[in-house]
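Since every read-out is calculated from the coordinates, none of them should be taken as a lab result. Remember, predicted model here, so these are calculated numbers, not experimental data. FYI the Cβ positions are ideal-geometry reconstructions off the backbone, even for glycines, and counts take in every protein chain you see.
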Amino acid sequence: MPTTSIALCTYNGAKFLDEQLESIARQTRLPDELVICDDCSTDETAQIVKRFAETGVFPVRFCVNEKNLGSTKNFEKAIELCAGEIIFLCDQDDFWEPTKIEKIVAEFEQDGQIGLVFSDAEIVDENLRKLNIKLSDLTFTPEIRRTIETKSFLQILLLRNYITGATLAFKSEFRREFLPLPIDSPEMIHDAWIVF
């Protein structure tokens, strides 16, 4: 069974961070490590992370940047620090379904050629109530869906990134293909660059 790491980046994320960390702790297949890189938060983020790390559910490595790196470079740092064979990207304000890690790892195990897996996601409000909207409903418009029927998904991805970082997992060996992450192109944030 491959080892797994989660790269979670935080910046003033105290409002939703407890729920995200608890959703990771309730996974049917726990990660082998959680790497959290904080980008100089001024709220209660650090205290929340330290309190969670003390639970000992799985190893948590918590790094606080000396200066603000910005989202893209903060994710680069977190990804570089991950030791697992499969790396999951994680946003501070998400909530993971209990079988997320289990299901995605199964996809990698089913086909050794797979280097990257992404999933759909449900949109919820700030109280975690489902809004009956999937992320794919927002990104894959009817026009895009028709285009997918006539072209390969890869051709569609070359036109525009439709994959959200919070739904991504990839083999750690894949890092050499996309690191370092560029910061000179504002529209090319970490997830777009990884997929591109």
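Less than 13 Å apart at the alpha-carbon level, and either on another chain or at least 8 residues along: which aspartates and glutamates does that give for LYS130? List returned: ASP94, GLU97, GLU122. Assign unit charges at the C-beta atoms only (+1 for Lys and Arg, -1 for Asp and Glu), then state the dipole size of segment 76-132 relative to its Cα centre in Debye, rounded to the nearest 20. So the dipole magnitude of segment 76-132 works out to roughly 80 debye.
Here LYS73 is the anchor, and the lysines within straight C-alpha reach of less than 22 Å, apart from those fewer than 8 places off in the same chain, are LYS171. Scalar couplings 3J(HN,Hα) for segment 18-34, obtained by applying the Karplus form with A = 6.51, B = -1.76, C = 1.60 to θ = phi - 60°, are 3, 5, 5, 4, 5, 5, 6, 5, 9, 5, 5, 10, 6, x, 7, 7, 10 Hz; x denotes Gly and Pro. Ranking of LEU89, LEU116 by neighbouring Cβ atoms within 10 Å, starting from the fewest: LEU116, LEU89. The fewest-to-most ranking of CYS90, CYS37 by surrounding Cβ atoms within 10 Å reads CYS37, CYS90. Within the straight-line cut-off of under 16 Å between alpha carbons, the lysines reachable from LYS134 are LYS100, sequence neighbours fewer than 8 places apart in one chain being disregarded.
Taking amide hydrogens as placed 1.01 Å from N in the peptide plane, the amide H of VAL64 sits under 5 Å from those of ASP38, each at least 5 positions away in sequence or on another chain.
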